[in-house]
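So the structure is just underneath, and the comments pick up after that.
The values are calculated or read from the model by the stated rules, or taken from the named source; none is laboratory data. In this text, all values refer to a predicted model and were calculated from it rather than measured experimentally. Neighbour counts are summed over all protein chains in view; Cβ atoms, including those assigned to glycine, are modelled from backbone coordinates with ideal geometry. Surface accessibility is based on the protein's heavy atoms, side chains included, excluding ligands, DNA and RNA. Shrake-Rupley method; radii C 1.70, N 1.55, O 1.52, S 1.80 Å.
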Amino acid sequence: MSTEAPTQFSYRSQKELTVWNGYPEYKPVKTFEKPETATRAFQYSKYGHAFAYATAESVKVFGAGSQEQWCEIKRPNVIDLWLSPQGSYIATWERTAKLEDGSGSRNLVIWDTKTAEEIASFSQKAQNNWNFQWTDDEKYCARMVTGEIQFWESRNAGKAVWARLKMEGIAQFSLSPGKSPAVAVFVPERNGAPAIVRLFSVPNFSQPLSNKTFFKADRIQVYWNDLGTSLLVLTSTDVDKTGKSYYGENNLYYMAVAGTFDCRVPLDKEGSVHDVTWGPDSKEFVVIYGAMPAKATLFDHRANPVHCFGIDPRNFVKFNPQGRIICIAGFGNLNGTIDLYDRKTLTKIKSFQAPNASHCEWSPCGRFLLTATLTPRLRVDNGFKMWHHTGTLIYEESVNELYQVGFRPEPATKYPMRSISPPPQPIQLLSATDTSVKPIAKPLGAYRPPHMRAGGAPTSLAQREADMAIGRTTGNRKNNSTPVGAKFVSKKKDGKKEAAPVASKPAINGEEIQKKIRNLEKKLRQIKDLKDKQADGQVMEAPQLQKISTEPAVLKELSNLHALA
């Protein structure tokens, strides 16, 4: 039994919101009182001090450790909420309504989590929680309006603006983590001018710390390292003008906040950037990029490639909080394969599958990986699983219509990472006979028409064409049914004559034979081209390999046709 304090996680389904202890208990926290009505959202603060959820009638905030209620905000119809990093403030958002004077209602409201006092309110049409942000120490907060970013001291939010950062055409901004906050500002391309990202120190906005300009950027995603000293900027366009991708074009750029270094991250495989993550030490990052199967590469703090993890169908990457293990996986429309790597040796620990998973995250202790199948991504087989870092499944729970699940954030220093340890004994695994979990369906194979189900394997397309060329039935070769147009001849059986069907050969003219020969020769040329590409080291898809395997049957059929000709 572990001597460490258990971790904590929460999940929200159609029927309930509950808080559980993690390994080794995996049981609900007794001090948490479940809401009686359905919940719309829940969230932990960044450092795990506060926990909040919203119902149709109100918003409640609790101390995450003790589950003691801090306040209840009587605000109906809240759709979304987000907490400040230390949990001192909460922002709520509801759908905007038009007032009598034609203006929009103040639907974005900032509250004090200890007293439920309303601190500020704004009108905001879009539901995007990046539009109101706090620094990590909660000393300052910021909000973007047309052409500028407004800053306040957090306690005086909504009152007289404390500082303004003005830039024409601002579309996005992001406050950095860390002790010395900075702000990244993005202006997209306009009138032939390139897009630009500028970094400023808060609150000194007179001179930018760093600039980076680039084309092909309609919007960006910003990835800060934990120290707030560097960031990765993922640019995206809605349309790929080269026509190579339906999903637009991506580029990845590295910027140091101090302005001493910036570059385009060298990605040597064409295609989209699927995922990016920083290591907890803020000195390295992993990128998954390229057309599927994608490539996963580890880079250092100067964007130099350090190690390639291979080319596989993967689109998710995450370090565990202690930085010892890297999870690289393929979710969504991929098959759910998860690879775990030891960062120290860069060797693979284990590969396993979590089919249909749509959510994945590490526990704060860094020893367990949570995967979940959520609604509405998939409305059947919802639930969550806990995997040990050696790839062993130790707990699973089936939950009908599971909408959200997540661990309470805690400092990694609370759970120092040991070396790779053997897995514990499984605590709860759902059996295949459990009615709440459907067993894996046995593959039924390819569809066969009724006239081909009497027995034996169906012939290939090439073989069926050959059969037709020489007048043989295209059905199963063991099929004893009477062919269309058959003539009956008598056979003797026990001294008696019995009628037996005999198929008559249809007449095939020379023109049809030559046409079939030309088609088969074309197939042989295509097969030869595929074999040449395979010899050059090009990876073949399954349909291409299947086509190569038909070469003997095509040659045999061609030989038969030449004999007829």
**Fill in**
Conditions (1) closer than 19 Å to D262 by Cα; (2) open to solvent by 30 Å² or more (accessible area, probe 1.4 Å); (3) among the small types (G, A, S) -> G228 fails only (2)
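Just name the residue that is farthest from H359 (Cα to Cα) out of those in segment 26-45 that are open to solvent by 20 Å² or more (accessible area, probe 1.4 Å) and not in a loop (DSSP other than H, G, I, E, B).
Step one: of segment 26-45, the residues open to solvent by 20 Å² or more (accessible area, probe 1.4 Å) are 27-31, 33-38, 40, 43-44.
Checking the rest, the ones that are also not in a loop (DSSP other than H, G, I, E, B) come to 28, 40, 43-44.
Details: P28: 21, R40: 18, Q43: 15, Y44: 17 Å.
So the residue we want is P28.
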**Message:** Against the definition (outside any loop (DSSP other than H, G, I, E, B), in contact (Cβ under 8 Å) with a residue 12 or more places away in the chain and open to solvent by 30 Å² or more (accessible area, probe 1.4 Å)), how does W111 come out, yes or no?
**Reply:** no
**Request:** Name the strands (runs of 3 or more DSSP E) wholly inside segment 149-196 in which the number of residues that are touching a Pro at 6+ places or on another chain (Cβ under 8 Å) and either within 25 Å of N225 (Cα to Cα) or touching a residue at least 12 places away in the same chain (Cβ under 8 Å) (or both) is 1 or more.
**Result:** 163-166, 172-175
**Prompt:** Of (1) on the phi < 0 side of the Ramachandran plot; (2) assigned to a loop (DSSP other than H, G, I, E, B), E138 satisfies all except one. Which?
**Reply:** (1)
**Message:** Being part of a loop (DSSP other than H, G, I, E, B), out of contact with any Cys (no Cβ under 9 Å at 6 or more places or on another chain) and surrounded by 14 or more Cβ atoms within 10 Å (Cβ to Cβ) is the filter here; which residues of segment 345-380 pass it?
**Reply:** N356, A357, S358, S363, P364, C365, G366, R367, L374, T375, R377
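Please find, within segment 1-25, the residue that is least open to solvent (accessible area, probe 1.4 Å) out of those that are part of a loop (DSSP other than H, G, I, E, B) and touching an Asp or Glu at 6+ places or on another chain (Cβ under 8 Å). Write out each step before concluding.
In the first step, residues of segment 1-25 are kept if they are part of a loop (DSSP other than H, G, I, E, B); the result is 1-7, 14-16, 22-25.
Then drop every residue that is not touching an Asp or Glu at 6+ places or on another chain (Cβ under 8 Å), which leaves 6-7, 14-15.
Values: P6: 44, T7: 10, Q14: 97, K15: 167 Å².
My answer is T7.
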**In segment 284-311, the residues that are out of contact with any strand residue (DSSP E or B) (no Cβ under 7 Å at 6 or more places or on another chain) and either open to solvent by less than 10 Å² (accessible area, probe 1.4 Å) or of a type in the set (D, E, K, R) (or both)** = G290, R302
**Asked** Among S245, S230, which is the only one that is touching a Phe, Trp or Tyr at 6+ places or on another chain (Cβ under 8 Å), over 18 Å from V187 (Cα atoms) and not charged (D, E, K, R)?
**Response** S230
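Residue-by-condition table, conditions (1) open to solvent by 40 Å² or more (accessible area, probe 1.4 Å); (2) in contact with a Phe, Trp or Tyr (Cβ under 9 Å, 6 or more places away or on another chain); (3) among the charged types (D, E, K, R):
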site: M255; (1), (2), (3): no, yes, no
site: A258; (1), (2), (3): yes, no, no
site: R324; (1), (2), (3): yes, no, yes
site: I328; (1), (2), (3): no, yes, no
**Request:** Take segment 114-135 and flag every residue that is open to solvent by 20 Å² or more (accessible area, probe 1.4 Å) and touching a Pro at 6+ places or on another chain (Cβ under 7 Å).
**Result:** W134
**Item:** Some residue of segment 224-238 being of a type in the set (S, T, Y), on the phi < 0 side of the Ramachandran plot and part of a loop (DSSP other than H, G, I, E, B)
**Value:** yes
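Looking at this structure, is G248 in a loop (DSSP other than H, G, I, E, B) and at pLDDT 90 or above? Give the derivation first.
Numbers: in a loop (DSSP other than H, G, I, E, B): yes; at pLDDT 90 or above: no.
No; evaluated as a whole, the condition is false for this residue.
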